[in-house]
Amino acid sequence: MAIETQNTQLSVLDQLKLKYDELNAKIKLQGLSKTVFDTIASDAQKIQDKLNELFAKKGVLTQSDINDAYAILQEQQRKELADNVAANKKKFIIFGVVIVVAIVGFIVYKKIKK
């Protein structure tokens, strides 16, 4: 009796396709600045080039090919994390400024009230 297990882990090709689709969806958004658009388009092109290279091998992938594909995915993930950190830092600074202004406003209000 053999127990069949289903591998639910995405292959590197599937992961590249998902990332490519995600970047293309971002490209279709309105209101992107030229630099953001160019960066996303460049990243999508890198992924598309890698997918074309892997598909040209018709299923015979070496470990080096897989490592290269994962390196591209990791680079994309690092960029996204860096963008998230920058956005969160900006939100934290704005929140801090609002708190400081509120405290100063409250102190001034109390002094005027006396």
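Where the only charges are on Cβ atoms (+1 Lys, Arg; -1 Asp, Glu), what is the dipole of the chain about its Cα centre, to the nearest 20 debye?
On the way: 18 positive and 13 negative charges, 271 e Å.
Here the chain has a charge dipole of around 1300 debye.
Work through the residues other than residue 43 whose Cβ is under 9 Å from its Cβ and net out their charges, Lys, Arg +1 and Asp, Glu -1.
Details: positive: 19, 46, 79; negative: 75.
Combined, the nearby Lys, Arg, Asp and Glu give +2.
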Next on the checklist: Run the helix sum for the chain: -39,500 (n - 2.57) per DSSP H stretch of 4+ residues, divided by residue count, reported at 222 nm to the nearest 500 deg cm²/dmol.
Outcome noted: -28500 deg cm²/dmol
Item to check | Stretchable slack from residue 57 to residue 29, in nm (0.36 nm times residue separation minus alpha-carbon distance) | outcome: 6.8 nm
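In percent, how large is the relative contact order of the chain, given Cα pairs closer than 8 Å and 6 or more residues apart? The partial results should precede the final answer.
Numbers: 32 pairs, mean separation 30.1, N = 114.
Here the relative contact order equals 26 percent.
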Checklist entry - What order do you get for 79, 50 when you list them from fewest to most C-beta neighbours inside 10 Å? => result 79, 50
Item to check | Footprinting exposure proxy for 22, 80 (fewest neighbouring C-beta atoms within 10 Å first) | outcome: 80, 22
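We did not get these values from a lab; they are worked out from the coordinates using the rules stated. Being a predicted model, the structure only gives us computed values, none of them experimental. Cβ coordinates were reconstructed from backbone atoms using ideal geometry, including for glycine residues, and neighbour counts include every protein chain displayed.
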